[in-house]
1. Taking region 85-128 on its own, how many of its residues are within 19 Å of ILE238 (Cα to Cα) and among the hydroxyl-bearing types (Ser, Thr, Tyr)?
2. Using beta carbons and a limit of 8 Å, which pairs, at least six apart or on different chains, have the first residue in region 78-99 and free of Cβ contacts under 8 Å to residues at least 40 places away in the same chain and within 14 Å of LEU270 (Cα to Cα) and the second one β-branched (Val, Ile, Thr) and in a helix (DSSP H, G or I)?
3. What's the number of the condition GLY157 fails, among (1) under 24 Å from the mean Cα position of the chain (by Cα); (2) free of Cβ contacts under 8 Å to residues at least 40 places away in the same chain?
4. Scanning for something charged (D, E, K, R) and either assigned to a loop (DSSP other than H, G, I, E, B) or loosely packed, with under 13 Cβ neighbours inside 10 Å (or both), does region 130-149 turn up at least one residue?
5. Quick check on region 258-291: of everything there that is in a helix (DSSP H, G or I) and among the small types (Gly, Ala, Ser), which residue is farthest from the chain's Cα centre (by Cα)?
6. Would you be able to say whether some residue in region 74-85 is under 14 Å from PRO193 (Cα atoms), in the same structural domain as SER182 (by TED's automatic domain parsing) and surrounded by fewer than 19 Cβ atoms within 10 Å (Cβ to Cβ)?
7. May I ask you to list the residues in region 169-212 that are farther than 19 Å from VAL98 by Cβ and among the polar types (S, T, N, Q)?
8. Is it the case that LEU217 is of a type outside the set (Ser, Thr, Tyr) and within 26 Å of PRO255 (Cβ to Cβ)?
Amino acid sequence: MRTPKFLQSWFQAWINGRSAVIALPYAWLLAFFALPFLIVLKISVSEMETVHFKDLLSYADGVWRLAIKTSNYVFITQDDLYVKAYMASLKYAAITTVGCLFIGYPFAYFMARAKTSLQPALLMLVMLPFWTSFLLRVYAWKGLLGEHGWVSEAIIGLGLDQLLLAAGMIPAAGKLMNSPFSLVIGMVYTYLPFMILPLYANLAKMDLRLLEAASDLGATPWQAFWRITVPLSKAGIIAGAMLVFIPCVGEFVIPELLGGPQTLMIGRVLWDEFFSNNDWPMASAVAVVMVLLIIVPLALFNKYQAESQSGTGGKS
């Protein structure tokens with residue numbers, strides 16, 4: 001039995017449309033991520049001549065020569081400045097992610113459990129900071145945490161600065177600005193909405209009948225929360241953590257305005273290499289390593305997630 005021609009044409013059109021839809025995001029990634037990254041990678045292994053770069057592949061006297069400079073990458077592994085900057089960036093990004101999760105989860109949980117009529121207003125309040133310039137919001141914290149700032153006065157009045165000093169978050173009692181504490185506060189405040197929004201989207205779709213069933217089976221509200229709500233919100237936690245952690249690693253503005261000598265992050269080192277030292281190959285090598293520090297663990301994690309989900313699906 002032959003397939004009617006109109007069905008064949010419809011199926012072919014569907015295949016072509018599906019291919020176009022799939023190809024569009026790949027073309028976007030190729031144009032705005034892969035190609036720029038390859039250009040930066042090429043600069044990182046090139047030799048710089050004043051304001052120009054030597055060609056990697058050259059032809060002379062009938063011989064093709066490939067010249068790849070790897071000394072920048074070797075120098076990164078040998079210089080403590082870069083290693084400490086990378087480690088500090090990862091450390092402060094992780095602290096910021098944990099802080100955003102600790103503060104954002106109760107916010108998202110409250111929003112998801114609020115009345116349906118109130119949820120749009122609560123969502124707008126979370127997004128309200130985006131209506132103000134990012135730079136102005138960071139500058140505001142300089143006044144709040146600086147000398148005679150009301151947040152600074154409140155922390156000192158409650159004696160919390162002594163706890164921060166004991167934890168190594170501030171260099172001296174009463175000195176909150178230009179410290180790891182001011183850096184973390186600024187980053188948590190800035191990236192908190194990126195944690196709340198995916199958590200809210202995940203928690204709002206949760207089937208509340210599962211909590212009712214747990215209650216009928218004798219589970220306390222706390223047990224139901226840890227055994228049902230938290231595991232079911234795992235996707236939102238991971239999405240929020242990625243949205244916070246990844247940009248925090250390469251953050252430059254907040255460490256520059258709120259951080260100090262103790263909070264040297266790789267974004268500042270990258271800026272210095274590009275604009276102060278005018279060493280573009282070295283700066284490009286720093287940028288490539290920073291991207292790999294983020295992309296490689298993320299790719300491995302996604303692969304692990306896909307394998308675990310396929311394994312679970314196969315068992316079920």
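The values are calculated or read from the model by the stated rules, or taken from the named source; none is laboratory data. As the structure is a computational prediction, the values presented were derived from the model and not from experiment. In this analysis, Cβ positions are derived from the backbone assuming ideal geometry, glycine residues included, and neighbour counts consider all displayed protein chains.
1. Total satisfying the criteria: 5.
2. From residues that are free of Cβ contacts under 8 Å to residues at least 40 places away in the same chain and within 14 Å of LEU270 (Cα to Cα), the pairs are VAL83/ILE76; VAL83/THR77.
3. Against the list (1) under 24 Å from the mean Cα position of the chain (by Cα); (2) free of Cβ contacts under 8 Å to residues at least 40 places away in the same chain, GLY157 comes up short only on (1).
4. yes
5. Of the residues in region 258-291, the ones in a helix (DSSP H, G or I) are 258, 261-263, 266-276, 280-291.
After this cut, where a residue has to be among the small types (Gly, Ala, Ser) as well, the list is 267, 276, 283-285, 287.
Values: GLY267: 13, SER276: 26, ALA283: 21, SER284: 20, ALA285: 20, ALA287: 15 Å.
Per the stated criteria, the residue is SER276.
6. no
7. ASN178
8. No; evaluated as a whole, the condition is false for this residue.
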